[in-house]
Amino acid sequence: MADQKSIARPRPADPAEARRLAALRRYQILDTPPEAEFDDIVKLAAQICDAPISLISLIDERRQWFKAKHGIELNETPLSTSIAAALHEPGLVELPDTEADARFRDNPLIAGETRLRFYAGAKLETPEGIPLGMLCVLDTKPRHLTEPQRLALRVLARQVVNQLELRRANLALETRVAAEILERDRMWLISRDLMAVAQHDSALIAVNPAWTDILGWSIGELIGRKGVDLVHPDDRTGTVTEVQIGSGGRTLVFEKRFLHRDGSYRNLAWRSIVVDGIIYGIGRDVTDEKAAAERLRQSQRMEVLGQLTGGVAHDFNNLLTVIIGNLETLQRSAEGTPMRRAADRAMQGVDRAVSLTQRLLAFSRQQSLAPKTIAVNGLLAGMSDMLSRTLGAPIKIATRFAPDLWPVHVDPNELENALLNLAVNARDAMPKGGNLTIETANATLDSDDASQAQLAPGDYVRIVVADTGTGMPKEILAKAFEPFFTTKELGKGTGLGLAQLYGFVRQSGGHVAIESTEGQGTVLTLYLPRWRDDE
Ligand SMILES: Nc1ncnc2c1ncn2[C@@H]1O[C@H](COP(=O)(O)OP(=O)(O)OP(=O)(O)O)[C@@H](O)[C@H]1O
Ligand SMILES: [Mg+2]
């Protein structure tokens, strides 16, 4: 890459001079405004040496430039008129009478109006010994410095260099601090985590943009507001754990639900420290994480329940086979006797036990299914009479069937059964009437959607059954799919409807999700895998 400067200004041929200039540049001092620290030194030099003029002269490539001057108005002169540039002797240089020195006879400052006759300069040398220029005093008459004046000039020259070094260190520090602040600001801006500075009463002093992304509130709406006011009322007195970190600062760790602008809540896991009564905190949104963990817990629970139920149902089935066989013998041999009616009634009880066992097997995904390729829209249309009869007049049924719905491959009787149970549940939840909506659609689940539904990504047919009934509180919703869980009065519900639906849909390679809001209604969503002809 071409060095722009080297094109504009050819490098000095002398490598030592090039190094010297580079060293000078590193101080970033040339053409800077006057600074009191340097001005003081030239004043002091003039006073001690009893000279009318004193200068800090820095030798640049083509000029000498004065960082500080006393008794003269010039800022710089060309190198040709620089005495400092011409002197290469180390240490202190004294020219008792410049007119006597052949080197300066043509110098306009000496020969001209100013008639400077006396010059004494102490070299400014970097700690590495690189010469930068001179601290000099000048006078209009020939003279000498006293020994104490010489010493003072040398000491002051070292002070100039010290000052230059200090200045450079400060500059470096400032640059680093500025970089760090910039870095911190950048973190503050790009963080996905919420960051906050708050007063001891949790009134927010500063918040980063992640607050708006995650909680919806604008920064203006948040500043001055107490953080605790956004916390869910039930979480305000919750646990705050104090952990000790490295230097012994107090770090508070807590997880609480925070109010989103839309009225919902997000779970935020906070770590904060308190320094001088000011709280600094970082909060991570763990809502999705928590929901995923909860889904996993639920599905593991259903798994365990399914295995348990399946085992019992199997044993029961075997027992029932024995009972049925013997009851049939009994029925035949009791033909024409009063015992026959007793045997028939026993058989009716056994039939009910068989159907119960079947439903349990269905829940544990072990029922024998007879899958067929079916069009869900057609199946639903075929059920419409039965559905309106089951639901009764006060409930309005609306259907939205997607055209070109993909076929599925499931047991049609079981699907019908499942949908009927959903309709009955909806009816029971809407004793005063309401709306039942049945919707079908094709749905392609990407890996995110699919993993939420514990399915493989791909094509599914979605069936949504929604009612405007009572809905369910959280505790009931969490148990709705469990076998024998019912809120209905004795004899009205077995609590097996949704359990059976769950087992059937899972056994068929699909998924069922339930959402419910108390007082607003319930939505059941079924996913059944798309059937492709070539399968
Ligand atoms: N649409 C709904 N609205 C409100 N609550 C519902 C709804 N569907 C189910 N529930 C609740 O879930 C429970 C379990 O439902 P599920 O269908 O498994 O059993 P059930 O309807 O009580 O009995 P069964 O279906 O065996 O006759 C119900 O008792 C009810 O509390
Ligand atoms: Mg039911």
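The values are calculated or read from the model by the stated rules, or taken from the named source; none is laboratory data. Values in this document were obtained by computation on a predicted structure and should not be read as measured data. Cβ sites come from the backbone with ideal geometry, for glycine too, and all protein chains shown count toward neighbours.
One line per residue, one yes/no per condition, for (1) under 49 Å from the mean Cα position of the chain (by Cα); (2) surrounded by 16 or more Cβ atoms within 10 Å (Cβ to Cβ); (3) closer than 30 Å to residue 463 by Cβ:
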site	(1), (2), (3)
338	no, no, no
342	no, no, no
349	no, no, no
359	yes, yes, yes
365	yes, yes, yes
368	yes, no, yes
374	yes, yes, yes
377	yes, yes, yes
380	yes, yes, yes
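Among the candidates 185, 234, 213, the residue that is within 14 Å of the chain's Cα centre (by Cα) and either at pLDDT 95 or above or not in a loop (DSSP other than H, G, I, E, B) (or both) is uniquely 213. Only one entry of 485, 504, 481 meets the criterion of being within 16 Å of ligand 2 (Cβ to nearest atom), on the phi < 0 side of the Ramachandran plot and in a helix (DSSP H, G or I), and that entry is 504.
Residue 454 meets the conditions (1) surrounded by 18 or more Cβ atoms within 10 Å (Cβ to Cβ); (2) part of a loop (DSSP other than H, G, I, E, B); (3) under 31 Å from the mean Cα position of the chain (by Cα) in every case but one. The failed one is (1). Scanning the range 450-475 for residues that are in contact (Cβ under 8 Å) with a residue 24 or more places away in the chain, within 24 Å of residue 435 (Cα to Cα) and more than 13 Å from ligand 2 (Cβ to nearest atom) turns up 461, 462, 463, 464, 466, 468, 470, 471, 473. In the range 490-501, what count of residues is obtained for those that are within 13 Å of ligand 2 (Cβ to nearest atom), at negative phi and assigned to a loop (DSSP other than H, G, I, E, B)? Residues that pass the stated criteria total 4. Only one of the listed residues (171, 194, 164) is touching a residue at least 60 places away in the same chain (Cβ under 8 Å), among the aliphatic types (A, V, I, L, M) and loosely packed, with under 15 Cβ neighbours inside 10 Å. That residue is 171. Could you list, in sequence order, all residues of the range 24-36 that are surrounded by fewer than 16 Cβ atoms within 10 Å (Cβ to Cβ) and either in contact with a Pro (Cβ under 8 Å, 6 or more places away or on another chain) or in a helix (DSSP H, G or I) (or both)? Listed by number, the residues that qualify are 25, 26, 36.
Scanning the range 459-493 for residues that are surrounded by fewer than 18 Cβ atoms within 10 Å (Cβ to Cβ), over 17 Å from residue 421 (Cβ atoms) and of a type in the set (Lys, Arg) yields a single hit, 474.
Taken over the range 507-530, residues that are out of contact with any Leu (no Cβ under 9 Å at 6 or more places or on another chain) and either assigned to a strand (DSSP E or B) or modelled with pLDDT of 95 or more (or both) amount to 5. Annotation: of all residues in the range 262-320 being assigned to a helix (DSSP H, G or I) and of a type in the set (Val, Ile, Thr), the one that is surrounded by the fewest Cβ atoms within 10 Å (Cβ to Cβ) is 304. On the stretch given as the range 478-493, residues that are farther than 18 Å from residue 308 by Cα and either near ligand 1 (Cβ under 8 Å from one of its atoms) or over 39 Å from the mean Cα position of the chain (by Cα) (or both) total 8.
From the list 122, 84, 51, the one residue that fits, being small (Gly, Ala, Ser), part of a loop (DSSP other than H, G, I, E, B) and surrounded by 20 or more Cβ atoms within 10 Å (Cβ to Cβ), is 51.
Out of curiosity, is residue 443 surrounded by 15 or more Cβ atoms within 10 Å (Cβ to Cβ), assigned to a helix (DSSP H, G or I) and more than 15 Å from ligand 2 (Cβ to nearest atom)? Spelling it out, it is not the case that residue 443 is surrounded by 15 or more Cβ atoms within 10 Å (Cβ to Cβ), assigned to a helix (DSSP H, G or I) and more than 15 Å from ligand 2 (Cβ to nearest atom).
Annotation note: of 337, 373, the sole residue that is assigned to a loop (DSSP other than H, G, I, E, B) and of a type in the set (Val, Ile, Thr) is 337.
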